[in-house]
Amino acid sequence: MSRKPTRRDFLTGRLRPLIPGQSGAAELSTAWDASGAADHPALLVHVSRSAMACQFQVFLNGGQYPHGVSAALEALELLEVLEQQMSIFRPDSLIQQINRQAAFEPVVVEDRLFELLELADAISRLTEGAFDLTCTPLWEVWGFAQRQPRVPTQAELAQAQEQVGWQYVCLNSADRTIRFTRPGIQLNLGSIGKGYAVDRCAEVLRQAGIEDFLIHGGQSSALARGNRQDVAGSLGWPVGLRHPLRPQRRLGQFWLHDLALGTSGSGVQCFYSDGRRLAHIIDPRTGQPGGQDILSVTVLAPTAAEADALATGLFLLGVEKTRQLCQQRPDLGVLLVLPDPPSGDVRVLALGMAQSLWHPSCPPGDP
């Protein structure tokens, strides 16, 4: 009589092949036998966990690391700790404690989270204020928080803008504290938190001696180390990019090697008003949604947190200023997907990116 695979079977390498799409334990999702993958280098081990309203997934070369699944599970267990720090949906989270107290007194911040806030400050300056962690009131007044987008009145918009502005956030690096200089300011790490979580999970894998892996959060933030072993002359790990308006189509594929990726776009959360396409990503400088000139931005950067945040900021910054930023930062690569009204489709603009990193898909009918 057969028995249901257990978590121990995964950890000890005794798992037999599963039907694709099924899993033997709630926190795992793999269709391959890790113990026999050395004879089949194309096999992958896939470990996943739900956190931050999405799926985080770790991919490992099958058979490469006997302790790989155990290390991946340990990495993903860190997500609970990080969510307890960063989630605005948990009243007792550290970020909500900051939101309640920082307008009245300086609040001490855990060291790694403070470093993340310093990164957010640097990216805010780099993007001329387009990236802003205080932007939630604008997101709410435009109805995106309730998934009922609408155009607010001028009075509603003005009231929301009174509660937005990174310039009202003061970070004191000497004592690791944060304070707000205006009442009503609130932080939301949604535009940088998943990338940060990916980076932290990757640290756990590296500490366990795992050098070849791909990890992503919510299919919008990813980080790759080393190579996918089944590909001759592998350039890293393949990561596909979906068409922002036609999700069933793929625009092309990135090859990530010791590199992170972040994508931000308006393919799903947007609405039309007076002929304008309005996205859920709101410009804190104007109070207006983006999404008219750019459909999606994908950033390649040294860390997933930086890629995540820059993808949001550059979506609002625009094509020409993004081009200038890439000239200042040669360590970045940016792929812009732009509307192309004459063709009724899109066009892709790659900036600061080596040709080996991006391989576009051939349009239908082309060779």
**OP:** Could you point to the residue in Gln355, Tyr196, Gly143 farthest towards the positive end of the chain's charge dipole, with +1 and -1 charges on the Cβ of Lys/Arg and Asp/Glu respectively?
**Re:** Gly143
Subject >> Taking only Cα atoms of the range 231-361, radius of gyration then Dmax in Å >> reply: 14.7, 51
Original post:
What list of ³J(HN,Hα) values in whole Hz, one per residue of the range 240-255 in order, does the Karplus curve 6.51 cos²θ - 1.76 cosθ + 1.60 (θ = phi - 60°) give from phi, with Gly and Pro shown as x?
Top reply: x, 10, 7, 5, x, 9, 10, x, 6, 9, 10, 6, x, 9, 8, 10
Subject >> Dipole magnitude (debye, nearest 20) for the chain, charges at Cβ of Lys, Arg, Asp, Glu >> reply: 840
Original post:
Which three semi-axes in whole Å describe the equivalent ellipsoid of the chain, each the square root of 5 times a Cα gyration tensor eigenvalue, listed largest first?
Top reply: 36, 27, 19
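For a footprinting-style exposure proxy, rank Ile192, Ile88 by other Cβ within 10 Å, fewest first.
Working: Ile192 29, Ile88 16.
Lowest to highest Cβ neighbour count: Ile88, Ile192.
When N counts the residues of the range 94-180, how does its alpha-carbon radius of gyration compare numerically with 2.2 N^0.38 Å, as a ratio?
Values: Rg = 14.5 Å, N = 87, 2.2 N^0.38 = 12.0 Å.
Taking N as the residue count of the range 94-180, the ratio is 1.21.
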Subject >> For the range 262-300 and the range 335-362, distance of Cα centres in Å >> reply: 17
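For the range 231-361, give the magnitude of the charge dipole about the Cα centre (Cβ charges: +1 Lys/Arg, -1 Asp/Glu; no others), in debye to the nearest 20.
Numbers: 11 positive and 10 negative charges, 54 e Å.
With Lys and Arg at +1 and Asp and Glu at -1, about 260 debye.
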Subject >> Computed E for Ala208/Arg323 - FRET, C-beta separation, R0 30 angstrom, nearest 0.05 >> reply: 0.15
Original post:
If you line up the long axis of helix 193-207 against the longest principal axis of the chain, both from Cα atoms, how many degrees apart are they, to the nearest 10?
Top reply: 30
Original post:
Over what distance in Å are the Cα centres of the range 203-234 and the range 82-130 separated?
Top reply: 28
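Hey, what does the equivalent ellipsoid look like for the range 175-251, semi-axes from the Cα gyration tensor as sqrt of 5 times each eigenvalue, largest first, whole Å? Intermediate results must be reported in sequence, preceding the final value.
Working: eigenvalues 217, 93, 10 Å².
Listed largest to smallest, the semi-axes of the range 175-251 are 33, 22, 7 Å.
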Original post:
Under 5 Å between amide H atoms, partner at least 5 residues away or on a different chain: which partners does His243 have, H built in plane at 1.01 Å?
Top reply: Arg249, Arg250, Leu251
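So for the range 31-168, considering every pair of alpha-carbon atoms, how many percent are separated by more than 20 Å?
On the way: 6144 of 9453 pairs.
Across the range 31-168, Cα pairs with separations above 20 Å total 65 percent.
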Original post:
With Rg and the Kirkwood Rh both taken from Cα atoms, where does Rg over Rh land for the range 200-298?
Top reply: 1.10
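Where a number appears in this text, it was derived from the coordinates with a stated rule and is not lab data. Being a predicted model, the structure only gives us computed values, none of them experimental. Cβ: placed from backbone, ideal geometry, glycine included. Neighbour counts: every protein chain shown.
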